[in-house]
Structure formats: structure tokens, C-alpha cells
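First comes the structure, then the notes that go with it.
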Amino acid sequence: MIYRYTVLTYWKHRRYLKYTKHYEKRILIRLGRILFLLIVLILGHAMAMMYLENMTLGNALWLSLTTATTVGYGDFSASTWQGRMVTVIFLYAVAIALLAQLAGEFFDYRLLSREKKIRGQWRWEDMKDHILIINTPNENTEKYLYQLIEQIRKTPKLEGLPIQILTRKFAQGLPDSITSMGVVYFSGVAENSENLMAVNVKLAKYILLITRDPADPISDSLTFDVLNRIKEIGTDATLVIEVSQDVNRQRMKAFGADIVIRPVRAYPELLVRAIVAPGTEEVMENLFTHDEDHMTRFDLPFKDKTWSDIVCSFVKGGAGIPMAYVDVDGVHCNPLPDKRCTGTGIISMVNANQNITLDQVAKCLA
């Protein structure tokens, strides 16, 4: 049984095992050595053709290159026995074999690079001015990332920026739905300074530090640890931090976070709004609780009024700030100022200290 398992395991992973003898730097060193030796042989053969066959430098190089690459146009060739002997030794016996080895090493390097990119082990050294997403939610990860990245790609200010993810998820590679949007990733935990340097936090333009599990009591401590590591490395990026407990918000801001937001898993778009228009995250968060500014619906009919008149009358009458109106077709958010509206109700943003009556609203609509 043990033997069978070993054979099956080897067969399953044979694509990867054949690369284990290679190391990226060693492959590059071998490529350099082979290329150097190949160039020396071609130049040596060309000089021999100039001396033995009385060829010009251009013709000698042309003969050497076409012979070494096995193209062999036949327009030039060695005619003396000495020239033919040099060609056999320099090119047929050595150069052609070296060229084949060079091609093999190059393909090995490309395969190794591709495998490392798929598995999140590739360091994108030239990555800069990018959006760096650190950590991913433990639940519904693919759906969350898809919504977040889709919104980034739809935002004119952000759509052209490279996106990189640092996450311990996706050990076998990012899902196709994510990679199709031009996203790369590095596999590893964020609580590791080496991993943070591997994803170029120093050169990022925006960093989104996401909480893995908002329900975990130590999630904010882990976030603070990562934030501390980022600050030690140094960055000019805009730092958007998710914080589970409100008591830690000021602590994060005092330590360098530019934007602090609650984890809202159903709407990752709020992170994008916070980047594009800082401060909007606080407005949106206030609307989620009744003890802060909140939305209130007033069901009163009105007819043929411009939206600008409705807004002005509500603000002057102390009935909040209208955000939408309701009619038989549904809810219409923030219509144009000169839009003539007829409906059955108004949705208004109301201050927590306001106590607005229907009579007050009716006067505003009159």
C-alpha cells in the first residue's frame, strides 16, 4: 500500500518534480554560460573562415550563424579542407549541441517561471504604482474578490492600475474569474515582512488591508501587526484598513492608516468608494445605524414638482435631505435637479436629533 501510494503520488506530481533539480538563479547562470560559449564559437569560426577561406567579416558571420542554427542556405560554404575541419569541430560537434542545450534550458526556465506565477511564488520586481490587496476573507473568497476587482476595473481613476493580492488562499492558483481581470498574486501570510517586501508595499499606490475573519476577537491585533510591518518597511501608499471593533479605529489612524472602514462583506464596493472619495465610507457607515444619520421614508403623495424645489423645501423646512423619491415604478435615487417628479413618497436623510412629523413633510411638499 505504501509503495502504491508513492508511485501514484509521483505520477500525479511528475510535472512539478522534474523542476525540483533546477533553481531559478542557477538556470540563469547556465543560460549565460552557454550563450557566452556559443558566441565565442561562432566568432571563432567566423575568424577562421576569414583567414582560411578569404571571406569578408559579414559573409563569415553569416556562414557561421546559418550553419550553427542548421538553416544552411548554401550560399556560402568552406572549400578548403582546413575550413571544413574547423566547421565540423566548432559548429557541427559543439555549437549545434550547445544551441539545443540553450533552447532546452530556456524552455525549462519559462516553465519554471510560469509554474511559480501560477502558484503565487513569483516576485514581480517591476510592480509599482499598483493596488495591493492584503489578505482575503475566509468565507466566499472568490465572490468577494470578483466584486471588489470588478468595481476597481469600472472606476475610471483606478481601472488602469495593476492589481496584486497577498493571500494564503489559492495555493493551486487564482480562479480564472480573477486572473481574467489581469490580477496577479503572491502566496503567503501578511504577518511576515519578507512577504510584504515581495509584493512591493514600498512602491504601491493603494494598499487595502482586509480582515480575514471579522468575528475573530484577535483580527484587529493581526491587522495592527501587519500595519506595523508596513510602516517599518515604509510606503507612500494610501492605506485603507478594515477594523472589526470601533474602539480600535482611532488607534489604527494614529498609527498611520489613512482610511479605516468596517468589514462589509456584502458590499466590497465600499472599499473602492473610500479610495476614490475618502470620507464617503463614514457617510455610508452612519446610514447603517439608527442612532446616527439615517434614511427615513415619508409616504405622502406629491405631483409635478422639480427635484431641486423638493430638496430646497425639505432643507429649509428641517425635514432632512431628500435622497430619492418613490412612485409606482419604484425608487428613483438622486434625480437631476430639473427633473419633474410625481410620486407617493420621499426618502430623506435625517439627523439623529431630528424628530420629523408627516405634517412637517406635507408643508414642505405643499
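The values are calculated or read from the model by the stated rules, or taken from the named source; none is laboratory data. These numbers were taken from a predicted model, which means no experiment stands behind them. Note: ideal-geometry Cβ built from the backbone for every residue, glycine included; neighbour counts use all protein chains shown.
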request  = Evaluate the stretch 263-281: report whether one residue or more is in contact with a Lys or Arg (Cβ under 8 Å, 6 or more places away or on another chain) and either outside the structural domain of residue 229 (by TED's automatic domain parsing) or outside any helix (DSSP H, G or I) (or both).
outcome  = no
ask   = Taking the stretch 52-71 on its own, how many of its residues are surrounded by fewer than 13 Cβ atoms within 10 Å (Cβ to Cβ) and either over 15 Å from residue 95 (Cα atoms) or modelled with pLDDT of 90 or more (or both)?
value = 4
task = Kindly indicate whether residue 243 is touching a Lys or Arg at 6+ places or on another chain (Cβ under 6 Å) and buried (at least 20 other Cβ atoms within 10 Å of the Cβ).
result = yes
inquiry  = Please go through the stretch 130-167 and give me each residue that is of a type in the set (S, T, N, Q), over 18 Å from residue 238 (Cα atoms) and over 14 Å from the mean Cα position of the chain (by Cα), ordered by number.
reply    = 138, 140, 141
task = Given the conditions (1) buried (at least 18 other Cβ atoms within 10 Å of the Cβ); (2) touching a residue at least 60 places away in the same chain (Cβ under 8 Å); (3) more than 30 Å from residue 135 (Cα to Cα), report the number of the one that residue 48 does not fulfil.
result = (2)
Residues of the stretch 202-226 classified as more than 23 Å from residue 273 (Cβ to Cβ) and within 14 Å of the chain's Cα centre (by Cα), total = 1
task = Kindly provide the set of residues from the stretch 264-311 that are crowded, with 16+ Cβ neighbours inside 10 Å, of a type in the set (D, E, K, R) and modelled with pLDDT of 85 or more, ordered by number.
result = 269, 273, 305
query = Is it the case that residue 143 is within 26 Å of residue 205 (Cα to Cα), in contact with a helix residue (DSSP H, G or I) (Cβ under 8 Å, 6 or more places away or on another chain) and not assigned by TED's automatic domain parsing to the domain that holds residue 63?
reply = no
key: Given (1) under 30 Å from residue 186 (Cβ atoms); (2) assigned to a helix (DSSP H, G or I), index of the condition residue 90 fails   = (1)
ask   = What number of residues within the stretch 285-324 satisfy the criterion of being in a strand (DSSP E or B) and not aliphatic (A, V, I, L, M)?
value = 10
request  = Search the stretch 202-233 for residues being assigned to a helix (DSSP H, G or I) and in contact (Cβ under 8 Å) with a residue 60 or more places away in the chain, and hand back the single one that is surrounded by the most Cβ atoms within 10 Å (Cβ to Cβ).
outcome  = 226
query = Is one or more of the residues making up the stretch 354-366 in contact with an Asp or Glu (Cβ under 9 Å, 6 or more places away or on another chain), of a type in the set (S, T, N, Q) and in a loop (DSSP other than H, G, I, E, B)?
reply = no
message = Looking only at the stretch 28-83, how many residues end up being of a type in the set (Phe, Trp, Tyr) and part of a helix (DSSP H, G or I)?
response = 4
request  = Restrict the check to the stretch 126-135 and report whether at least one residue is of a type in the set (Lys, Arg), surrounded by fewer than 14 Cβ atoms within 10 Å (Cβ to Cβ) and either modelled with pLDDT under 90 or more than 20 Å from residue 253 (Cα to Cα) (or both).
outcome  = yes
key: Hits in the stretch 337-357 - residues which are loosely packed, with under 14 Cβ neighbours inside 10 Å and modelled with pLDDT of 90 or more   = 337, 338, 340, 342, 344
